[in-house]
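Working notes, beginning with the structure itself.
The values are calculated or read from the model by the stated rules, or taken from the named source; none is laboratory data. The model shown is predicted, which means the values in this text are computed figures rather than measured ones. For neighbour counting, all protein chains shown are included, and Cβ atoms are generated from backbone atoms with ideal geometry for every residue, glycine included. With ligands, DNA and RNA removed, areas are computed over all heavy atoms of the protein, side chains included. Shrake-Rupley method; radii C 1.70, N 1.55, O 1.52, S 1.80 Å.
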Amino acid sequence: MRKEEVCMQDVKGMLNIGNWHRLIECMKKAKRGERIVTGFLGGSITQGSLSSLPELCYAYLVYKWWKRKFPQSEIGFINAGIGGTTSQFGAARVEEHLLKYSPDFILIEFAVNDDNTEFFEETYEGLIRKTYGDKCRPAVLLMNNVRYDDGTNAEEQHVKVARAYALPMVSMKKAIWPKILSGRLNGSSISPDGLHPNDEGHRLVARVVTAFLEKVYEEMEKEETEGSFEGALLPPPITANAYENTIRYQNDNARPKAEGFLADLSPQNGITDIFKKGWTAFREGNKIKFEVDGTEIAVQYRKTVNKPAPVARAVVDGKKESAVILDGNFDEDWGDCLYIDTIARHMEAGRHTVEIEIIKTHENEAALFYLVSVIVSGPGSSM
């Protein structure tokens, strides 16, 4: 672990110093000429929204830093960014979309998609425990983007997790937002919509990340890092920790009882082809029922701009008084949304039923109701 004498002011945007042991070991591996894999998990900014080319998004620019710094090593790159998604979905998909490739370095970013609430502190902790505790033992760097129109993000909750797990975290709210507040930087010059960076914005974000990585590289070169110590793999959780064990059910791993809901068997073209492997329905009274084990249940479905679309109702354990309405109509105009509704939280562990029923249709329906997945979390989560 690097020395405490390295102060936070030495690294632009440093929100939590953390333990650099795994990062240093990862860099040593690359310096020896061994192959390493870099992975990036997040929302639309990580995916590269508003960058004019995929190669100009911050994730790819950080990957290029690794390539330049360690030309003797083969460096792999996995971009697991999916627009409009939160750490709740991240916990459900990190295994399939990233960990199965045994990455050596992972950057995680959900600060502008998560709300600044204790719910997302818990989902974020579940994602971090799942990732940092994986058998591939990746070096994890946490990064927080920020809204450039009002300076909001979820880092107040996320940094609690960073500190509890001694993970480094860099923040655009600390590095870039003060320049906008002071007038030294025009926010619209780096983000046309106040959220997603353009090419210049992605470049600034990447510079904050790589400035931190440069500092780690300097520490790696110093003799005193030879005795670095990682410490315990995972400390006790700081929340109820219901999201570390999460399973996502789609039509390739679930066989629910369906009346009118049909499985979509069309091929999926990459992880950003998000409306695949689910079920569709369009008639009032169509139903689909799942039996699952867990304590938390969420439903992913499509909210579409092609209106009108059907409306459904989700009921857990037959308790219609606690039903959640799943409205397939999207009020925004930027495109269809992969929406997630939490329909049950902190239930008693054990078997539960989830029934989704179409309760409202329209004479001239423009789209089907698309159920993308049911996500189950908690101890012993299974179907």
Being open to solvent by 10 Å² or more (accessible area, probe 1.4 Å) and among the small types (Gly, Ala, Ser) is the filter here, so list the residues in region 102-121 that pass it.
102
Scanning region 281-335 for residues that are free of Cβ contacts under 8 Å to residues at least 12 places away in the same chain and closer than 26 Å to residue 265 by Cβ gives none
Here the residues within region 90-124 that are of a type in the set (D, E, K, R) and in contact with a strand residue (DSSP E or B) (Cβ under 7 Å, 6 or more places away or on another chain) are 93, 104, 109
Could you please find all residues in region 188-210 being open to solvent by less than 50 Å² (accessible area, probe 1.4 Å), small (Gly, Ala, Ser) and free of Cβ contacts under 8 Å to residues at least 60 places away in the same chain?
194
With modelled with pLDDT of 95 or more and not assigned by the TED database to the domain that holds residue 64 as the only criterion, which of 258, 232 stands out?
258
Expected single match for open to solvent by less than 30 Å² (accessible area, probe 1.4 Å), modelled with pLDDT of 95 or more and more than 20 Å from residue 87 (Cβ to Cβ) among 185, 213 is 213
Quick check: is even one residue across region 170-181 under 24 Å from residue 337 (Cβ atoms), of a type in the set (Val, Ile, Thr) and open to solvent by 10 Å² or more (accessible area, probe 1.4 Å)?
no
Could you check how many residues of region 344-367 are part of a strand (DSSP E or B) and open to solvent by 20 Å² or more (accessible area, probe 1.4 Å)?
6
List pairs: first residue in region 5-20 and modelled with pLDDT under 90, second residue part of a loop (DSSP other than H, G, I, E, B) anywhere in the structure, Cβ distance under 7 angstrom, at least six positions apart or on different chains.
8/17
